Amino acid sequence: MNNRDDDIIVLKDLSKIYGNGVEVRALDGVSVRILAGEFVAIVGPSGSGKSTLLNMIGLLDTPSSGHIFLKGIDVSRASPDERARLRNQELGFVFQYHHLIPEFTAVENVMMPMLIANKSKSEAHKRGEELLRAVGLGDRLHSRPNQLSGGQNQRVAVARALANNPSIVIGDELTGNLDTKSSELIYNLLRELNQKINQTFILVTHDMTLAEKTDRILRIVDGKIVCEMRRKDDGFVASDLCEMGDGQN
Amino acid sequence: MHIELSAFLPTLKDGASCRIEVKLADYTRAPAMAKKLYDISRYEATNWQDFSREIARFVGNQGVTNILFYMFILLISAFVIANTTIMVVSKRRREIGILMAMGAKRRSILMISLLENMLISLPAGVLGAVLGYAAAQAITLLPLNVTSAAAGDGISIAARPEYFVIALAFALSLNFVSGLYPAYSAARLDPVEAIGSE
């Protein structure tokens, strides 16, 4: 597998092994290549390693073996400070629970990654306002998380993830805690950002309705990618890998 | 009334009984002074330490007990502060994890925790000094039957400005030291675990 210019993240033979006595292979030789502007869903049963995979891509966790290339640079053995810098600059996170800081208003929460990046307060505030307007919360800038609904908070979290113009936005069950209508709203928002600014999204989900709206579905079981499906016109085309899989997902 | 001892002693008739009490500015010199008086007069001269060996020993040990006492107070305070800070850190695990996910460096997390600790300890230290002074004043109002050569009846307190400075400096440094471990452990949190924690 050769790296190409439009590869945003490439995983090569990535493994993660937990435990000293009893070994648990959370990831077992995963190789994936994700291009800029792709909208990818990772699905699989719980405990399959999909969150571990996402934490690897998000540089929150380190692999036991294998390599992670972010924009062509091997970051699998980067120092904690270097990984922190990359998370700040190249990655945006949205989690199942919005994880906003309760003492801060919406705009202050969105400003956080920019302040961590040492941007000026006024600059951060300006961009924070823009982003909140873009996610449809222009009138709730100064509301605190407890004054907003679950869906609204999740939109603030999306705005925060986009703060530093990251290469990739990562979502871990980001609609898992929302009703259908709010999920729909979040999906539409992500899709719009994906098309408008070519933002790369990688979402872990067990919501197949959401997964089927993406462009590419990676199915992971027991730490291995067992099936890969790509959107073609209105349906999905399964890769050769899927022959042994159950096909329904 | 001032009478020279040499003038007074001959006026005592044989068989007469008399007692003179001498108060010294420095109470620790009592045995030496008693001996001196005896040498001069050849009259029986005893000092307070002979009256009460217990009190003498207590006063002598006071320095040591004070230090032990202070150490216990310090130890307890340090544990309480460390415990509180650890609670704050564990309540904020997820937020710390999120800050890390957003790219906050470990050093920043350490600084945030220490800074928060200091921000609380400064007003707390001032409050403690004020309350301490008020409590000391309240004690002077108690109707205690204490007489001292320096200040007359009752207890007087010495509230020198440097005491407040020392107390405050002590409070701040104790806070800083007690906050180090919790701040360090916050900075060492694994973001994956911290975010996943309920």
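Cβ distances below 4.7 Å define possible disulfide partners, and in the protein assembly as shown the cysteines left without one are B:Cys18. Site pair A:Asp74 and B:Thr84 shows an inter-label distance of 5.0 nm when each label is modelled 7 Å from Cα along Cα→Cβ.
Put simply, the Cα atoms of region B:8-93 extend 88, 20, 19 Å along their principal axes, the longest span coming first. Cross-link reach is defined here as a Cα-Cα straight distance under 17 Å, omitting same-chain residues fewer than 8 places apart; for B:Lys36 the aspartates and glutamates meeting it are B:Glu4, B:Glu21, B:Asp26, B:Glu44, B:Asp50. The percentage of C-alpha pairs in chain A whose separation is greater than 32 Å is 20%.
Specify the residue with the greatest mean-square fluctuation among A:Ser48, A:Ser120, A:Ser64, computed from a Gaussian network of chain A linking alpha-carbon atoms under 10 Å apart. It is A:Ser120.
Helices in the protein assembly as shown, meaning DSSP H runs of at least 4 residues, each add -39500 (n - 2.57). Divided by all residues, the mean residue ellipticity at 222 nm is -15500 deg cm²/dmol. The convex hull defined by the C-alpha atoms of region A:19-84 has an orientation-averaged projected area of 5.4 nm². Seen against the Cα atoms of chain B and their longest principal axis, helix B:106-140 is set at about 30 degrees.
Placing R0 at 45 angstrom, the Cβ-Cβ distance between B:Leu144 and B:Ser108 gives a FRET efficiency of 0.25 after rounding to 0.05. Within chain A, no helix built from a complete DSSP H run reaches 18 Å or longer along its own axis (Cα positions) while carrying a mean Kyte-Doolittle hydropathy of 0.0 or higher.
For the residues A:Lys126, A:Lys16, A:Lys213, a GNM of chain A with alpha-carbon springs under 10 Å puts the largest fluctuation on A:Lys126. The translational diffusion coefficient of chain B, from Stokes-Einstein at 20 °C and 1.002 mPa s with a Kirkwood hydrodynamic radius over alpha carbon pairs, comes to 95 µm²/s.
Legend: ranking of residues B:Leu110, B:Leu131 from fewest to most surrounding C-beta atoms inside 10 Å; resulting order B:Leu131, B:Leu110.
By the rule of a C-alpha distance below 13 Å, with chain neighbours fewer than 8 residues away ignored, the aspartates and glutamates paired with A:Lys213 are A:Glu38, A:Glu184, A:Glu192, A:Asp233, A:Asp234. When each of A:Cys242, B:Cys18, A:Cys227 is scored by the number of other beta-carbon atoms lying within 10 Å, the sequence from fewest to most is B:Cys18, A:Cys242, A:Cys227.
Averaged over peptide B:102-111, how many Cβ atoms belonging to another chain are found within 10 Å of each residue's Cβ?
Values: counts 18, 18, 7, 8, 3, 2, 2, 1, 0, 0.
That average works out to 6.
Normalised Debye scattering of the protein assembly as shown at q = 0.09, 0.10, 0.12 Å⁻¹ gives log10 I(q)/I(0) of -0.71, -0.81, -1.05, counting only Cα atoms as equal scatterers and leaving out solvent.
Remark: B:Tyr43, A:Tyr97 ranked as B:Tyr43, A:Tyr97, counting other beta-carbon atoms within 10 Å and listing the fewest first. Largest GNM mean-square fluctuation across B:Arg19, B:Arg160, B:Arg107, computed for chain B with C-alpha springs under 10 Å, falls on B:Arg19.
Among the listed pairs A:Lys16/A:Lys50; A:Lys16/A:Lys224; A:Lys119/B:Lys105; A:Lys50/A:Lys196; A:Lys12/A:Lys50; A:Lys16/B:Lys91, those with a Cα-Cα distance over 20 Å are A:Lys50/A:Lys196; A:Lys16/B:Lys91.
Every number in this text was worked out from the coordinates using simple rules, so none of it is lab data. Note that the structure is predicted; figures quoted are calculated from it, not measured. Neighbour counts run over all protein chains shown; Cβ positions are idealised from the backbone, glycine included.
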